[in-house]
Amino acid sequence: HSLSYSSPTYTLKDKSPHWFLEVKKTFSDGKPQYVIYYELTKSDSKIPTKELYYYPSGAIQKETDLCLSTDSLESLPHGVTVHYYSTGEIKSVSTFENGLQSQEMKSFYPDGSLKETVFFEDGKKHGLLKTFSQDGHLIKEGHYLYGNKVGEHTSYWEKNVRKSLVIYENNLPHGRSL
């Protein structure tokens with residue numbers, strides 16, 4: 001699957017015919033709730049490559065590309081993760097590197113309009129966060145530094161009229177809020 005937005009382009013690993021599936025959890029009716037795809041190595045070891053969570057209807061709830069941790073030999077999110085609404089529309093798209101969220105994460109309203117963008121580094125919010133109303137108006141923005149709110153965090157009424165402004169230093173309000 002290739003999912004293209006303003007930036008960047010997200011690409012999930014395509015399922016390979018030589019991967020095999022293990023159902024890890026089922027719903028009470030026997031339908032899969034959680035599955036992992038594996039790739040066999042030449043020495044018959046299995047390497048986790050993708051996990052999927054399903055809604056009771058059978059629609060995909062979450063699809064995550066995986067890698068094998070060299071330290072613990074556990075599967076870790078690595079690559080793209082896509083969450084879906086039960087209707088199949090994309091809810092959010094994010095990227096992981098060795099189990100930690102990284103780069104830009106985007107979330108969407110059920111109609112496909114952009115809800116929020118935020119950047120991550122080493123699993124923590126790092127950079128600009130913007131939240132939009134369903135009709136596309138900016139309703140909130142602020143900066144993060146390794147998970148801590150820093151600088152100006154502003155919320156808006158419609159048409160970019162400032163509603164409030166709070167200045168943060170090390171995740172704590174600092175000075176006078178407007």
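The values are calculated or read from the model by the stated rules, or taken from the named source; none is laboratory data. Keep in mind the model is a prediction, meaning the values are calculated, not measured. Here Cβ is always computed from backbone atoms with ideal geometry, including for glycine, and neighbour counts include all displayed protein chains. Side chains included, ligands, DNA and RNA excluded: accessible areas come from the protein's heavy atoms. Shrake-Rupley method; radii C 1.70, N 1.55, O 1.52, S 1.80 Å.
Overview of results
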read-out	value
Distance (nanometres) between label positions extended 7 Å along Cα→Cβ at LEU172 and SER45	4.8 nm
Nonlocal amide H pairs with PHE27, under 5 Å, H built at 1.01 Å	GLN33
Fraction of accessible area attributable to carbon and sulfur, the chain (%, probe 1.4 Å)	52 percent
Of TYR109, PHE119, LEU52, farthest towards positive along the dipole that unit charges on Lys, Arg, Asp, Glu beta carbons give the range 49-119	TYR109
Pairs beyond 23 Å (Cα-Cα), from LYS62/LYS125; LYS115/LYS159; LYS15/LYS46; LYS124/LYS159	LYS124/LYS159
Convex hull per residue volume in Å³, alpha carbons only, for the range 40-89	93 Å³
Stretchable slack from LYS124 to SER92, in nm (0.36 nm times residue separation minus alpha-carbon distance)	9.9 nm
Inter-probe distance in nm under a simple model that places probes 7 Å from Cα toward Cβ, at ASP135 and SER72	4.6 nm
26 Å tail of the calculated P(r), the range 33-154, as % of Cα pairs	33 percent
Positive-end residue, the chain charge dipole about Cα centroid, Cβ charges, pick of GLY147, HIS174, LEU40	HIS174
Burial order of peptide ranges 141-147, 115-121 (average beta-carbon count within 10 Å, highest first)	115-121, 141-147
Test item: Cα-centred dipole of the range 1-110, Lys/Arg +1 and Asp/Glu -1 on Cβ, debye	220 debye
